[in-house]
Amino acid sequence: MKVQDLNSNEYGPYHHNYLKLVSNEYTLIEELEISLHRFIKFVQDIPMDKFDYRYSDGKWTIKDIIQHIIDAERVFSYRALRFARNDSTKLPGYEEDHFATFANGSQRSIMDLLNELSAVRYATLSLFKSFDNNQLMKIGIASDNPMSVRAAGFIIIGHQSHHQNIFKERYL
């Protein structure tokens, strides 16, 4: 299945901005794999002096953003797991700024962050590979919006692409 297969009732309106960044060329599993390698290569080409740069007071560093990508992937994978397992509990949103304050991403090495991102992505891949088509189509409620299991996977990819674009626009 590809991102173009999603219906608008499978995600909240805000997530459309992430989903439009996902290539229609690859399946969900393929893109989860490819986007990780593309992102790591991109980050490895960033000059070392940019990882702690803030383009404005109060803005996150590149390291903070990578930590945010890791945290968000964990949240969206957890949502996918709950929905795939037929849990009808409405899941709350999460406060990304609060997470960032306590994550200490800017205090970590870039290699440590990329290793963690890889570990989280491989866990995400294993999880999504375990879902059958029926589970991928299940829809739950998160942050007061519908979300299918498959949409959660594509949102993970689009969210990462969104932040890679921000790196290009504001940090490099």
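Which shape class, rounded, prolate or oblate, goes with the stretch 28-84 when its Cα gyration tensor gives a ≥ b ≥ c as root eigenvalues, a/c under 1.5 marks rounded, and past that a/b bigger than b/c marks prolate?
On the way: a/c = 4.36, a/b = 1.56, b/c = 2.80.
Oblate, since a/c reaches 1.5 and b/c is not below a/b.
Once phi is turned into ³J(HN,Hα) by the Karplus curve 6.51 cos²θ - 1.76 cosθ + 1.60 with θ = phi - 60°, what whole-Hz value does each residue of the stretch 117-132 show in order, with x for glycine and proline?
Here the 3J(HN,Hα) series is 4, 4, 4, 5, 5, 5, 5, 4, 4, 4, 4, 5, 5, 7, 7, 8 Hz.
Figure the gain on full extension for E116 and E169 (residue separation times 0.36 nm, minus the Cα-Cα span) and round it to one decimal in nm.
Working: separation 53, 0.36 × 53 = 19.08 nm, distance 2.47 nm.
Taking E116 through E169 to full extension adds about 16.6 nm, to one decimal.
What does the charge add up to near G93, with Lys and Arg as +1, Asp and Glu as -1, over the other residues with Cβ less than 11 Å from its Cβ?
Numbers: positive: R79, K90; negative: E95, E96, D144.
Every neighbour counted, the sum reads -1.
Mind running the shape call on the chain? Use the C-alpha gyration tensor, a ≥ b ≥ c as the square roots of the eigenvalues: rounded below 1.5 for a/c, prolate if a/b tops b/c, oblate otherwise.
On the way: a/c = 1.87, a/b = 1.60, b/c = 1.17.
Note, shape of the chain comes out prolate.
Using Cα atoms only, what is the angle between the long axis of helix 149-166 and the major principal axis of the chain, expressed in degrees (0 to 90) to the nearest 10?
Result, in degrees: 20.
Helix 62-84 versus the longest principal axis of the chain: what is the Cα-based angle in degrees, 0 to 90, to the nearest 10?
Taking Cα atoms only, the helix is inclined about 10 degrees.
Quick one: of K2/K129; K90/K138; K63/K129; K138/K168; K20/K138; K59/K168, which pairs are farther than 25 Å apart, Cα to Cα? The partial results should precede the final answer.
On the way: K2/K129 14 Å; K90/K138 13 Å; K63/K129 29 Å; K138/K168 35 Å; K20/K138 21 Å; K59/K168 15 Å.
Distance filter (> 25 Å) returns K63/K129; K138/K168.
Among 89-101, 73-85, 147-159, how do they line up by average Cβ neighbours within 10 Å per residue, starting with the highest?
Values: 89-101: 12.0, 73-85: 20.3, 147-159: 26.1.
Top to bottom by mean Cβ count within 10 Å: 147-159, 73-85, 89-101.
Rounded to a whole number, what % of the accessible area of the chain do carbon and sulfur atoms account for, probe 1.4 Å?
Details: 4270 of 8720 Å².
Solvent-exposed carbon and sulfur of the chain make up 49 percent of the total.
The values are calculated or read from the model by the stated rules, or taken from the named source; none is laboratory data. In this text the structure is predicted, and so the values were computed from the model without any measurement. All Cβ positions, glycine included, derive from the backbone under ideal geometry; neighbour counts span all protein chains shown. Protein only, heavy atoms only, side chains kept; ligands, DNA and RNA dropped before computing areas. Shrake-Rupley method; radii C 1.70, N 1.55, O 1.52, S 1.80 Å.
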